[in-house]
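Colleague: Before anything else, here's the structure in question.
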Amino acid sequence: MTFILILAGFVLLGIAGEALLRGAVSIGQHLHVSPIVIGILIVGLGTSMPELFVGVQATWNGTPEIAVGNVIGSNIANIFLILGTAALIQPFVRPTRAVHPDGTILIIASLGIIGLGMQGIVHYWQGLILIAALAALIFQECMEAQKKRVIKMNEVASSQSAEPADADVVDPLPLPLSVVLTLVGLFMLPVGAAILIEGASQMAASLGVSAGLIGLTIVAIGTSLPELASVTVASLRGHSELAYGNVVGSNLFNSLGILGASSLAGPLEFPWIMVWFDGSIMITATLLMIGFIWFGNKLS
């Protein structure tokens with residue numbers, strides 16, 4: 001029964017994540033924003049919805065260590081597994097924003113997780129600060145995207161060209177269908193998350209291990225599958241900036257949005273081993289990603 005619950009939860013999260021991803025990307029394409037902005041704002045945030053619902057549901061269920069393990073484990077999986085897979089499919093040159101501002105902000109957010117974890121518990125008011133920081137970043141990205149969109153429209157008008165400068169990853173779906181897919185994905189995500197958390201909790205109890213370990217492994221990798229799917233498609237189609245933006249956006253959303261939202265659902269206890277061991281691996285993964293891209297000028 002436990003295995004069936006976990007499998008059913010993953011299936012629902014996968015379907016919901018795919019629906020949300022396709023709908024959100026199509027909406028972004030209708031708004032004519034650049035690939036890296038789609039990757040950070042739409043794909044990165046959209047594919048992090050499973051982690052969000054899992055984190056909140058786990059805290060409500062009294063297993064906050066699953067929420068914490070999910071955030072840290074997903075950040076590690078996003079870089080080592082997902083970005084590594086993208087580079088294997090098609091190596092890509094350094095994105096223009098690899099170090100500043102994206103890399104710098106990501107390092108600060110990762111260090112912030114460790115700092116909060118040293119307290120042993122993340123309070124709700126600290127969660128509000130994290131969410132406010134994420135909102136400020138999203139607002140800044142939207143303003144920059146709007147400026148670039150105006151510039152692009154002016155360039156197109158002056159050159160009398162009907163083609164945009166950046167190619168989209170896929171042809172956009174009709175706008176009404178995009179909205180419907182997005183709403184369906186948002187509706188199905190909490191259902192899949194609740195089923196997955198119940199199965200994960202039962203597995204932890206039956207195996208005699210901590211719920212945090214299940215969160216770091218099975219739940220973290222499972223909820224990272226939407227990112228893996230979207231990055232694979234982006235790499236196959238030659239959109240490395242979207243793949244990179246997806247990982248950066250997802251990790252930022254995990255660190256600020258999911259940790260913040262989970263702390264609002266209840267006291268968010270932070271196991272010490274996740275601070276010094278798992279947190280160190282997360283920081284190392286982030287530094288390796290930025291170092292490879294910056295000093296090697298590409299991810300090969």
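Colleague: Once you have the alpha carbon radius of gyration of the stretch 176-300, what is it after dividing by 2.2 N^0.38 Å, with N set to its residue count?
Modeller: Values: Rg = 17.2 Å, N = 125, 2.2 N^0.38 = 13.8 Å.
Its radius of gyration relative to the 2.2 N^0.38 Å reference: 1.25.
Colleague: Can you give me the Rg/Rh ratio for the stretch 177-223, using Cα atoms for both radii and the Kirkwood formula for Rh? Don't jump to the answer; show the numbers that get you there.
Modeller: Numbers: Rg = 13.8 Å, Rh = 11.9 Å.
Computed over Cα atoms, the ratio is 1.17.
Colleague: So, one more: Which percent of the accessible area of the stretch 188-300 is formed by carbon and sulfur heavy atoms (probe 1.4 angstrom)?
Modeller: Working: 3030 of 4250 Å².
Carbon and sulfur: 71 percent of the exposed surface of the stretch 188-300.
Colleague: How much of the accessible area of the stretch 105-147, in percent, comes from carbon and sulfur atoms when a 1.4 Å probe is used? Don't skip to the answer; put the middle values down first.
Modeller: Numbers: 1870 of 2410 Å².
Carbon and sulfur together cover 77 percent of it.
Colleague: Over the stretch 208-300, give the accessible area per residue in Å² for a 1.4 Å probe, as an integer.
Modeller: Working: 3490 Å² over 93 residues.
For the stretch 208-300, the solvent-accessible area averages 38 Å² per residue.
The values are calculated or read from the model by the stated rules, or taken from the named source; none is laboratory data. None of these values were measured; they are calculated from a predicted model. These accessible areas exclude ligands, DNA and RNA; they are computed on the full protein's heavy atoms, side chains included. Shrake-Rupley method; radii C 1.70, N 1.55, O 1.52, S 1.80 Å.
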